[in-house]
Amino acid sequence: MASQAPAQPRPYPGSYLPNGGVVSGPVPGAQPLLPNQGRVIQSGSARVLCIADVRGNLQSLNQLAADARANYIIHTGDFGFYDDRSLDRIAEKTLKHVAQYSPLLSDAVKRSIAAAPPQPPIKERFAREHLPLSELPLFLNKTYTLNVPVYTVWGACEDVQVLEKLRSGEYKIDNLHIIDEAHSRLLEVGGVKLRLLGLGGAVVMHKLFDNGEGRTTIAGGQGTMWTTLLQMGELVDTANRVYDPTETRIFVTHASPAREGILNQLSVSLKADFSISAGLHFRYGSSYNEFSVNPTLDHYRGKLAASKASFNDVWDTVKSEVEPAVAESESQQRLLQLAIEIVNKMPTVANGGNPFGGPAPGPASGQVDESAFKNMWNFNLADAAFGWLVLDIDNGRIGTEMRAQGFNFAHRGAPASLPGTQPSPAQGGPASAQAPVPQQNRPAVATPPIQPQMKPAAQPARTGPSPVPATPKEPIKPATPQPTAQTGNAAPANAAAEKAIPSEVKPNGTAAQEKGPSSSPAPKDSPAEKKESKALFIVN
């Protein structure tokens, strides 16, 4: 096991222009952040599998890649960045949440954790081998390996110290690449230059200026991680450095830009073509653009304005503390200013203004650049256990395949019919008038003796109207049969019904199919199965 991370921030390996500094020369793509700009080149078509929330079940990545025939994997957080020491650092509440949804724990352990009282703590009730948080240690010691390159951001439930060791190179896993505010990746596959820009952690407004236990530029503590405003500013700076108009940009986040207005505005600032996110834990993936889910542009402005108001409430409170804290660092001042500019471009009110930071109020105001509003496509993923998205890239075209296990609706199906029972109309069975009337409620109506049933000769299927005599006085009504009605000429209209509705006449008056053998036998004393009824059902 690697030693504990030092208390001082660790510089990133390699030489490159530090983010926040002054750029010399042309900005677009002039100063790469990484050797070779993190570029991967592959000829021919490629399949990129997009999944979310493997929750430490890292061996499933290889199986999912094989099932989807994927060459690369993009993961959107809750990856399972926990090592052997993370259990000591995680908070009790977070541990209960992680254990409850972990695919590595048995159902018996999960039930015990959910049903047990708060005391004693979970760490004391179970041995460590019964609380595996992640399979990451097995990949660190080379017991298992990743078969395809995996590009991931971190989610809301991760260990910040593990992320710092991975970013510094102290921890190393082959084929695992962290996408963050300082490192982007470029995949040249299928005739497309795919630029991956990522931002990990949960978006919590009152934590945007809190670094927690993080010793570098990322924030977290006690088993959770969140996004800071400086990370957003650094991501904008990174995107500007590697900008190339020939690239297709994918913004990978854990939180959903559909729910977080500040992330939506950030994706516009990054000039993203796609956003891929998770964090909603749906059983189905969703695919949308803002034009498809907002009835008007003012409705979209309203979402951004609400997010801006929430941010300003926090910023006004901490501004007097944050500005002196970054006064000594020119690079941090620059990153903070970049992030503040993102928020300033957001509209203040819903009915007016440019949500994309267009011209100032004046003759040109009201001319809104709707390209991102209509063209930027967003994908929100289901958890990896329930579904995935595949980007099929070939000859410059990006196709999509979305798969989901979905909801189980089997409990809504009709149960198997038992002898002597009839399914209810709600279950798709015949009308309830075919059910036998209780003996004590039967009227004293004389019925003809039942003759032995003779097998009729084969007849062609009836295509004309039902052979029921016309009754001009009372039309057939689509009402549900009531047990107090009576048909025929031998009983009054308010007597209880004894004979069933003919199979050719349904309550809605439509012709039915030719009567076939019934799956449930009718009562022996019912003449419906012995003799075709010529009666009509008439409501009082």
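Here PHE282 qualifies as of a type outside the set (Val, Ile, Thr), in contact (Cβ under 8 Å) with a residue 40 or more places away in the chain, surrounded by fewer than 20 Cβ atoms within 10 Å (Cβ to Cβ) and not in a helix (DSSP H, G or I).
Does ILE74 satisfy being under 28 Å from the mean Cα position of the chain (by Cα) and at pLDDT below 90? No.
Based on what the data block shows, is VAL322 in contact with a Phe, Trp or Tyr (Cβ under 6 Å, 6 or more places away or on another chain), surrounded by fewer than 17 Cβ atoms within 10 Å (Cβ to Cβ) and among the hydrophobic types (A, V, I, L, M, F, W, C)?
no
Residues that are within 23 Å of LEU105 (Cβ to Cβ) and in contact (Cβ under 8 Å) with a residue 60 or more places away in the chain within region 62-79 comprise ASN62, LEU64, HIS75, THR76, GLY77, ASP78, PHE79, listed in sequence order.
Tallying residues that are of a type in the set (D, E, K, R) and not in a loop (DSSP other than H, G, I, E, B) within region 43-97 yields 7.
The residue list LEU64, LEU58 contains one member that is modelled with pLDDT of 95 or more and out of contact with any helix residue (DSSP H, G or I) (no Cβ under 9 Å at 6 or more places or on another chain), which is LEU64. The helices (runs of 4 or more DSSP H) located wholly in region 98-213 that include 3 or more residues which are within 30 Å of VAL268 (Cβ to Cβ) and of a type in the set (A, V, I, L, M, F, W, C) occupy 160-168. Put simply, of PRO137, PRO149, PRO117 the only residue that is loosely packed, with under 14 Cβ neighbours inside 10 Å and out of contact with any Pro (no Cβ under 7 Å at 6 or more places or on another chain) is PRO117. Taking region 110-150 as the range and being touching a strand residue (DSSP E or B) at 6+ places or on another chain (Cβ under 9 Å) and among the aliphatic types (A, V, I, L, M) as the test, the residues that pass are LEU146, VAL148, VAL150. Of all the numbered requirements in (1) farther than 23 Å from LEU187 by Cα; (2) assigned by TED's automatic domain parsing to the domain that holds TYR151, ALA116 misses one, and that requirement is (2).
The values are calculated or read from the model by the stated rules, or taken from the named source; none is laboratory data. Just so it is clear, the model here is predicted, and its values are computed rather than measured. Ideal geometry is used to build each Cβ from the backbone, glycine not excepted, and the neighbour counts take in all protein chains shown.
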